[in-house]
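This report concerns only the one structure given below.
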Amino acid sequence: MTNLQATAAAMVAPGRGILAADESVATASKRLEAAGVASTPESRRAYREMLLTTPGLSESVSGVILFDETLRQSTSDGTPFPDYLHDHGMLPGIKVDTGAKPLAGHPGETVTEGLDGLRERVAEYVGLGAAFAKWRAVISISVGDGRPSRACTAANAHALARYAALCQEGGLVPIVEPEVLIDGDHTIEVCEAVTTDVLREVFAALAEQGVDLEAIVLKPSMVVPGKGSGQTALVTEVATATLRCLRASVPAAVPGIAFLSGGQGPEMATAHLHAMNRLGPQPWELTFSYGRALQDPALAAWAGDGGTVAESGQAALRHRARCNSAARSGTWTVAMETPEEGDVG
């Protein structure tokens, strides 16, 4: 097993998942201000410190995806965040794409950019202590407008594959994230068909670029109905459709699949992950790489204390992380959603 393969395996180790805390300055500012906290470099640093220094977090979290600003920041005692994470049994990761930009000739569709200069940035991030990276592609569905187009799917798959190859060349495990957005009025059946097509395109591109599948982590969206569809899917229906899609498109060589929450509420994202793990062994580890589904309760609690007291925010994050850890083994219960039941100590 290579070092990158060992890192990928550690990222999806049983009982643990990944905390996504890689919001850009603009997105982080929007969320902090919505919670009543003025956004400054120091308030963003303090918020991220509250998250990363949560006692016991490493029991449920294997790694944390950071934004460039955060990777360069330190705890209040001067310890660089990457060093703190390494010292506490968690791997630091870094978002390396520069965002989704309009795809020329295809209104309503985007392609993610950031390949220019990526080799040099990967080298710098490795020097700063990063162990893995993330690149997010964004795929929207609109049946009436014919989205996603073949051009959009192909362009994003190619970019993901080139990113992954550059990361592995430079010593980072790539998280490959093709997100099929929950926005839209499409049914769960349409979502499954589109997600299957997107994943097949992505893995064809990864193979073409010579990417080692044993040294990546896939971060897909779950198969759910569009928010505007009026369709309600049972938890078991989402789990069954998602696994059927993955079995049809994801090679067994991939060590783990770390789902994004994609606009689902915290408890629903946990319930879906739990249901998938209850359906029996799969070729890959099934885990989480949640952002808002882990952070939202912590942000609300921390901001409610004026953004100066860490304990309440950390208790909320630890609770959600433990619930998702239980979902990984199919042992989560609704009763665990009561903190006294699920977050003791």
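Only residues that are polar (S, T, N, Q), buried (at least 19 other Cβ atoms within 10 Å of the Cβ) and more than 20 Å from K134 (Cβ to Cβ) were counted in segment 266-305, giving 2. Looking across segment 209-239, just one residue is touching a residue at least 12 places away in the same chain (Cβ under 8 Å), over 29 Å from Y163 (Cβ atoms), assigned to a loop (DSSP other than H, G, I, E, B) and among the aliphatic types (A, V, I, L, M), and that is A233. A single entry from E120, E109 fulfils the requirement of being touching a Ser or Thr at 6+ places or on another chain (Cβ under 7 Å) and more than 30 Å from S60 (Cβ to Cβ): E109.
Evaluation of H186 against the conditions (1) in contact with a helix residue (DSSP H, G or I) (Cβ under 7 Å, 6 or more places away or on another chain); (2) closer than 30 Å to N3 by Cβ; (3) not in a helix (DSSP H, G or I) shows that the sole unmet condition is (2). Quick one: in segment 15-62, which of the residues that are surrounded by 14 or more Cβ atoms within 10 Å (Cβ to Cβ), among the polar types (S, T, N, Q) and in a helix (DSSP H, G or I) is farthest from the chain's Cα centre (by Cα)? Of everything passing the filter in segment 15-62, S43 is farthest from the chain's Cα centre (by Cα). Pairing residues of segment 164-184 that are touching a residue at least 12 places away in the same chain (Cβ under 8 Å) and more than 30 Å from S142 (Cα to Cα) with residues that are assigned to a loop (DSSP other than H, G, I, E, B) and among the acidic types (D, E), at Cβ distances under 7 Å and at least 6 apart in sequence or on separate chains, gives Q168/D212. Counting only residues that are more than 21 Å from the chain's Cα centre (by Cα), surrounded by fewer than 24 Cβ atoms within 10 Å (Cβ to Cβ), of a type outside the set (K, R) and not in a helix (DSSP H, G or I), segment 129-156 holds 3 of them.
Which residue out of T195, T232 is under 21 Å from the mean Cα position of the chain (by Cα) and hydroxyl-bearing (S, T, Y)? Can you show your working first?
On the way: T232 fails: under 21 Å from the mean Cα position of the chain (by Cα).
When all the criteria are applied, what remains is T195.
Tell me yes or no: at least one residue of segment 306-322 is surrounded by fewer than 24 Cβ atoms within 10 Å (Cβ to Cβ), among the aliphatic types (A, V, I, L, M) and closer than 20 Å to P14 by Cβ. No; the residues of segment 306-322 include none that is surrounded by fewer than 24 Cβ atoms within 10 Å (Cβ to Cβ), among the aliphatic types (A, V, I, L, M) and closer than 20 Å to P14 by Cβ. In this structure, does R48 turn out to be at pLDDT 95 or above, in contact with a strand residue (DSSP E or B) (Cβ under 8 Å, 6 or more places away or on another chain) and closer than 20 Å to P80 by Cα? So R48 fits the description; yes.
For (1) touching a Ser or Thr at 6+ places or on another chain (Cβ under 8 Å); (2) touching a residue at least 60 places away in the same chain (Cβ under 8 Å); (3) more than 24 Å from I141 (Cα to Cα), each residue gets a yes or a no:
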| site | (1), (2), (3) |
| --- | --- |
| A241 | no, no, no |
| A253 | no, no, yes |
| L260 | yes, yes, no |
| A269 | yes, no, no |
| L273 | yes, no, no |
| P281 | no, no, yes |
| E285 | no, yes, yes |
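Just checking: which of the helices (runs of 4 or more DSSP H) contained wholly in segment 249-345 hold 1 or more residues that are touching a strand residue (DSSP E or B) at 6+ places or on another chain (Cβ under 7 Å) and at pLDDT 95 or above?
On the way: elements: 266-278, 292-304, 311-328, 339-342.
By residue number, 266-278, 292-304, 311-328.
Output the residues belonging to segment 69-115 that are assigned to a strand (DSSP E or B), among the charged types (D, E, K, R) and either out of contact with any helix residue (DSSP H, G or I) (no Cβ under 8 Å at 6 or more places or on another chain) or within 24 Å of A151 (Cβ to Cβ) (or both). Walk me through how you get there before you give the answer.
We begin by selecting, within segment 69-115, every residue assigned to a strand (DSSP E or B); these are 74, 80, 91-95, 100-102, 110-112.
Those still in the list that are among the charged types (D, E, K, R) too: 95, 101.
Residue satisfying the conditions is K101 alone.
For G306, the conditions (1) over 18 Å from T54 (Cβ atoms); (2) touching an Asp or Glu at 6+ places or on another chain (Cβ under 7 Å) all hold with the exception of (2).
Listed by first and then second residue, the pairs with beta-carbon distance under 6 Å, at least 6 apart or on different chains, first residue in segment 1-23 and farther than 23 Å from A165 by Cβ, second hydroxyl-bearing (S, T, Y) and in a strand (DSSP E or B), are A13/S62; R16/S62; G17/T287.
The values are calculated or read from the model by the stated rules, or taken from the named source; none is laboratory data. Because the structure is predicted, anything quoted here is derived from the model rather than measured. Ideal geometry is used to build each Cβ from the backbone, glycine not excepted, and the neighbour counts take in all protein chains shown.
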